[in-house]
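Read the figures in this text as sums done on the coordinates, not as results from a lab. Just so you know, these numbers come straight off a predicted model, no measurement behind them. Cβ placement follows ideal geometry from the backbone for every residue including glycine, while neighbour counts extend to all protein chains displayed.
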Amino acid sequence: MVYRWRSREANYTVWGANRDSMAEVIKSHLFEHSQQYLSHEDPGVSWECPYCDRSEISYDEDKTIQHFKDHLFEHEEQFVQSGSHVAEEIDRSGNILVKAPKNSPGLNNARMHFLAAGDIVILITTNPAARLRMLREELGSWPALTVVLTTKDDPAEDIKGLDISDVPIEIVKLSKKLGLSTLGKTISRVLEDHGNSEGQIVVEFDILSEIISKFGEKPTFKFLQILTNQFKTVDAIAYYTLDPDSVDPSTISLINDTFDLSITATETNFISDTE
């Protein structure tokens, strides 16, 4: 189960596996947007609640601020909703940018959140063994079909240690010299083969950083404009992993417009912040 809280002050949403993991993030956001109700004047620090008649004044600044955060959260806790999924923000069809350090717990958390929703899973990755191992170990059952597109030199050898003899998997070998146009056409053929199949299609696009590095931001932007539309056409949930420290912030700003939603993934929470 995933919980969701949406700010009433800004375009800011938090998802988490439990309420406790979300609480401090929500408190910090509420405090940031309530600075006008906090006063630093001799002989102490004081606050007045914008929602009720509660107030406090004290010499202890840290404790007073924490009390203010806690009190603000008491007003908002009722708006934390259960049974949510990030993809509901885009009506379970569209493209999501997932920002997190490479191979981090936050990124793996996001992977399982999205992949668990897939009946047909398409993995576009340079590390097929790691992705398939995660599917085997973390999901209760395999998807009805898994399609792997990879530039791995010998993908069959890479997954040799995995027991997938009874698992419906297709592997598409991509050339490392592949251009963006050919890559797009290859993905298009896969979607033509499986786009009309029953069930939810979920796509992991795990090579965005490599594409930006190899082809540059403007060609990548144009490529994404076409690719994101292809995934929308088949009502897929497509998420694109990106280490924000691996690319220039201006590049992220440029490509961000091609996505329906952008989130930052941590080990415990997903945060959408477009303030």
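Considering L107, L38, the condition of being free of Cβ contacts under 8 Å to residues at least 40 places away in the same chain, surrounded by 13 or more Cβ atoms within 10 Å (Cβ to Cβ), touching a strand residue (DSSP E or B) at 6+ places or on another chain (Cβ under 7 Å) and among the hydrophobic types (A, V, I, L, M, F, W, C) is satisfied by L38 alone. Considering each residue of region 115-128 in turn, none proves to be surrounded by 14 or more Cβ atoms within 10 Å (Cβ to Cβ), more than 20 Å from the chain's Cα centre (by Cα), more than 28 Å from E89 (Cβ to Cβ) and of a type outside the set (F, W, Y).
In region 70-104, which residues are of a type outside the set (G, A, S), crowded, with 18+ Cβ neighbours inside 10 Å and more than 30 Å from E56 (Cβ to Cβ)? Result: V86, E89, N95, I96, L97, V98, K99. The sole residue among G184, G195, G179 that is in contact with a helix residue (DSSP H, G or I) (Cβ under 7 Å, 6 or more places away or on another chain) and either surrounded by 13 or more Cβ atoms within 10 Å (Cβ to Cβ) or more than 14 Å from L97 (Cα to Cα) (or both) is G184.
Restricting attention to region 241-275, the residues that are closer than 22 Å to Y3 by Cα and not polar (S, T, N, Q) add up to 9. Scanning region 51-69 for residues that are under 21 Å from Y12 (Cβ atoms) and either surrounded by fewer than 13 Cβ atoms within 10 Å (Cβ to Cβ) or in contact with a His (Cβ under 6 Å, 6 or more places away or on another chain) (or both) returns a single hit, Y51. Would you be able to say whether some residue in region 246-256 is closer than 13 Å to L107 by Cβ, over 11 Å from the mean Cα position of the chain (by Cα) and not in a strand (DSSP E or B)? Yes, some residue in region 246-256 is closer than 13 Å to L107 by Cβ, over 11 Å from the mean Cα position of the chain (by Cα) and not in a strand (DSSP E or B). Taking the conditions (1) among the small types (G, A, S); (2) closer than 30 Å to A110 by Cα; (3) over 34 Å from the mean Cα position of the chain (by Cα) in turn, S7 satisfies each one other than (3).
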